[in-house]
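Since the structure comes first, as structure tokens, the remarks are kept for the end.
The values are calculated or read from the model by the stated rules, or taken from the named source; none is laboratory data. These numbers come from a predicted model, not from an experiment. Cβ sites come from the backbone with ideal geometry, for glycine too, and all protein chains shown count toward neighbours.
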Amino acid sequence: MFELNKIIGIDDSRNNILVTLTDGRCALIDVNRRGFVVEILLDSFYKWMSFSDDFTEEDASNVKAILEAPEGIGYGPLAEEYVINSKIKRDFDEMKKELKKVGFDILYGYSETQDNDFGEYIIIAINNDVAYELNEPYIREQLQEKLPKYMVPYLYNLVDNLPLSRNGKVDRKKLLDINQKKLLNKKKEIIRPTNDIETQIYNVWSQILNDSAISIEDDFFVAGGDSILAIKCVSMLKSDYNIEINISDIFEADSLRDLAKRAKIIDKNDFSEIEEGEI
């Protein structure tokens with residue numbers, strides 16, 4: 001089940017050995033306990049200890065033996081789903097790749113699920129050398145060039161220090177509080193709908209995004225939408241207002257106004273496509 005790809009290093013106690021696995025994950029081997037913890041990001045372990053490359057053949061043998069017959073296995077958030085859920089693997093591999101391209105070499109962690117205030121996985125990244133030089137427009141521009149629209153984050157918050165809990169771990173609740181405050185303070189000009197179709201799309205967006213401050217200049221994904229909500233949007237527009245749009249329209253439209261121009265009204269009294277004898 002677990003196959004060694006490469007030994008990365010061993011810590012000063014010579015008890016913990018960091019390795020990568022052939023399936024794309026990594027693991028921290030505890031030699032004394034004959035077990036290991038599986039993670040997606042190497043940096044999940046780098047933040048707690050340092051590793052050197054002076055491991056021996058005996059260390060390599062111990063690693064292989066423990067991977068073949070572990071006495072205990074632990075998993076970090078999403079580490080199990082990474083190998084069985086192709087979307088999670090694709091998303092994380094793409095995010096790791098693109099974040100490194102724009103200067104974030106160290107990824108500290110991520111939310112366990114998409115069940116959070118912002119609707120998507122939260123990635124915590126840092127680069128002490130260049131973070132202070134980056135700004136929101138630059139980061140957004142770089143990500144927009146590389147990622148699909150629905151994967152580009154809506155909120156960017158550059159902080160001097162990550163809030164920590166008493167045991168030295170990243171305090172996710174405080175981090176969410178910081179982002180929530182910025183989200184509440186993020187003011188925008190709200191342009192209201194100007195016709196019936198815009199109003200009906202506005203009503204659906206307001207409901208599924210749980211936000212009444214929608215502007216017709218808003219992008220669906222920037223406003224907080226995702227691919228699942230896009231499907232729900234298509235369904236509700238058709239069932240509630242007889243408005244037909246395609247999923248691709250939501251992905252391609254730059255705004256609610258643009259989406260309204262792509263919409264088609266379904267005439268329930270139009271039987272022109274029914275062949276003679278079918279009624």
| field | Selection status of Ile250, in a loop (DSSP other than H, G, I, E, B), modelled with pLDDT of 90 or more, within 24 Å of Leu147 (Cα to Cα) and under 29 Å from the mean Cα position of the chain (by Cα) | value | no
| If Val170 satisfies every condition in (1) at pLDDT below 80; (2) out of contact with any Phe, Trp or Tyr (no Cβ under 7 Å at 6 or more places or on another chain) but one, which is the exception? | (2)
| Is there a residue in the range 35-48 that is touching an Asp or Glu at 6+ places or on another chain (Cβ under 8 Å) and either farther than 22 Å from Lys169 by Cβ or in a loop (DSSP other than H, G, I, E, B) (or both)? | no
| task | Identify the residue in the range 152-171 that is without any contact (Cβ under 8 Å) to a residue 12 or more places away in the chain and not hydroxyl-bearing (Ser, Thr, Tyr) and, among all such residues, is surrounded by the most Cβ atoms within 10 Å (Cβ to Cβ). | result | Asp171
| task | Report whether or not Asp115 is of a type in the set (Asp, Glu) and at pLDDT below 80. | result | yes
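Here's the yes/no breakdown for (1) at pLDDT 90 or above; (2) in a strand (DSSP E or B); (3) touching a strand residue (DSSP E or B) at 6+ places or on another chain (Cβ under 7 Å):
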residue: Asn5; (1), (2), (3): yes, yes, yes
residue: Asp12; (1), (2), (3): no, no, no
residue: Ala65; (1), (2), (3): yes, no, no
residue: Lys96; (1), (2), (3): no, no, yes
| query | Assuming Ser215 fulfils every condition listed in (1) without any contact (Cβ under 8 Å) to a residue 24 or more places away in the chain; (2) part of a loop (DSSP other than H, G, I, E, B); (3) within 22 Å of Pro153 (Cβ to Cβ) apart from one, which condition is it? | reply | (1)
| query | Going by the conditions given, is Asp93 surrounded by 11 or more Cβ atoms within 10 Å (Cβ to Cβ) and among the acidic types (Asp, Glu)? | reply | yes
